[in-house]
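Enquirer: Sharing a structure here in structure tokens format.
What follows draws every value from the coordinates through simple rules; no lab data is involved. Given the structure is predicted, the values throughout are model-derived calculations rather than measurements. All Cβ positions, glycine included, derive from the backbone under ideal geometry; neighbour counts span all protein chains shown.
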């Protein structure tokens, strides 16, 4: 299989997740991504194991693997003149330069747009920032838990009504993975634009912009005063006052949930009643159409709650299997590994690690030509330094000198 980005070379000077995971996505789409890491400390994200924030599994850090799949790692000190020379040679042969280094540090390291373009005038320059490249906070750093989750209003939206403290918190790298996918798509667009026009782009995106994009219905409605939409729940705060009882989740006998999401309920109501084993409900005057179901919302919701409480989730999977309306079992992350739909589409792959063991990894959510993605493991710190330098034309004597001078790992 020829992957869409086969032959594309990316040089990445970035740490943690937001921008590096974009490089990981690009490797699944066929690009060759060379990750530049400090020869001593490496990407600080590796160090979160030592800090106790990450835990090893069979000798590898799952978090680092997720963000850095398929890359080459080159340990280079960009503050060292010889290290900066190596970067120049890498950039000269690259299509994309990818970074999340803050503006002042970019200038000190001489990796800002004009510096990189001096090495390669046709390179696509991509920078991911916390708050956006412009404005009073353009120079500031930030992580997704503060910027994507807090600054955008998302934390407020997802905090249940009446709860003031502590406010709801996000899952690990919650905004980073979304923002990284945005960057990967933007890079692909910029490469197409360069081929079509001959002009390379400077691409900017940020955690702040990604978060605003994510909750744009709330943001737009907040400005125009649509308080019904701002509530965040179509039926208001009380499930028994739902505008449509067929867009709720219902507990099963074993404490699990079935989620209904039927936005055209009248077209599905009779069929649903049959699937539930209650065909007579279809003609109950309290529930016969969407208008009366809303008027009798409490009775309808309580009736459906009683029905769903009669069977375990596994039984409902069977009973609702032929029902064509929109419903889903509410799964746990552990359930997903055994989900035949995830397996059939290759959404999770077992990736061989350097230890010889495998780690399950979620594949990038885009497939080309009906081919499943095949992620590779993340590199060890500086694993490819010597190989990459040899391909750049350096000799073993050069490499030995660089090591002696502290320019490389």
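Enquirer: With 10 angstrom as the radius, rank 176, 254 by how many other C-beta atoms surround their C-beta, starting from the fewest.
Expert: 254, 176
Enquirer: Among 341-348, 120-127, how do they line up by average Cβ neighbours within 10 Å per residue, starting with the highest? All intermediate terms of the calculation are to be shown ahead of the outcome.
Expert: Details: 341-348: 13.0, 120-127: 19.9.
Put in order of decreasing packing, that is 120-127, 341-348.
Enquirer: Taking the convex hull of the alpha carbon atoms in segment 239-335, what volume per residue do you get, in Å³?
Expert: In segment 239-335, the Cα convex hull volume per residue is 90 Å³.
Enquirer: Dividing the Cα convex hull volume of segment 282-322 by residue count, how many Å³ per residue is that?
Expert: Residue-normalised Cα hull volume stands at 80 Å³.
Enquirer: Now for a separate question. Exposure proxy check: 292, 96, 8 ranked by fewest other beta carbons within 10 Å?
Expert: Ascending number of Cβ neighbours within 10 Å: 292, 8, 96.
Enquirer: Kindly rank 325-334, 202-211, 101-110 from highest to lowest mean number of other beta carbons found within 10 Å of each residue.
Expert: Details: 325-334: 13.4, 202-211: 21.7, 101-110: 15.4.
Per-residue mean Cβ counts within 10 Å order the peptides as 202-211, 101-110, 325-334.
Enquirer: Taking 8 Å as the Cα distance limit and 6 or more residues as the minimum spacing, I'd like the relative contact order of segment 87-193 as a percentage.
Expert: Rounded, it is 22 percent for segment 87-193.
Enquirer: For segment 52-174, take the convex hull of the Cα atoms, compute a quarter of its surface area, and give me that in nm², please.
Expert: For the Cα atoms of segment 52-174, the hull's average projected area reads 10.9 nm².
Enquirer: Rounded to two decimals, what is the ratio between the C-alpha radius of gyration of segment 249-302 and 2.2 N^0.38 Å?
Expert: Numbers: Rg = 11.4 Å, N = 54, 2.2 N^0.38 = 10.0 Å.
So the Cα radius of gyration is 1.14 times the expected 2.2 N^0.38 Å.
Enquirer: Kindly provide the helix-only [θ] at 222 nm of the chain, computed as the sum of -39,500 (n - 2.57) over DSSP H runs of four or more divided by all residues, to the nearest 500 deg cm²/dmol?
Expert: So the calculated ellipticity at 222 nm is -10000 deg cm²/dmol.
Enquirer: Using the Kirkwood radius over Cα pairs, work out the Stokes-Einstein diffusion coefficient for segment 105-246 at 4 °C and 1.567 mPa s, in µm²/s as a whole number.
Expert: Value of D from the Cα-based Kirkwood radius: 73 µm²/s.
Enquirer: Another question about this same structure. Give me the percent of Cα-Cα pairs in the chain that sit more than 26 Å apart, rounded to a whole number.
Expert: That tail contains 63 percent of the Cα-Cα pairs.
Enquirer: For the chain, calculate the relative contact order in percent as a whole number, restricting contacts to Cα pairs under 8 Å that are 6 or more residues apart.
Expert: Contact order relative to length: 20 percent.
Enquirer: Can I ask one more? Of the peptides 25-33, 52-60, how do they stack up when ordered by the mean number of other Cβ atoms within 10 Å, highest first?
Expert: 25-33, 52-60
Enquirer: Which values of log₁₀ I(q)/I(0), to two decimal places, follow from the Debye formula for segment 331-409 at q = 0.11, 0.12, 0.14, 0.25 Å⁻¹ with a uniform point scatterer at every Cα?
Expert: The Cα Debye sum returns log10 ratios of -0.51, -0.57, -0.67, -1.14.
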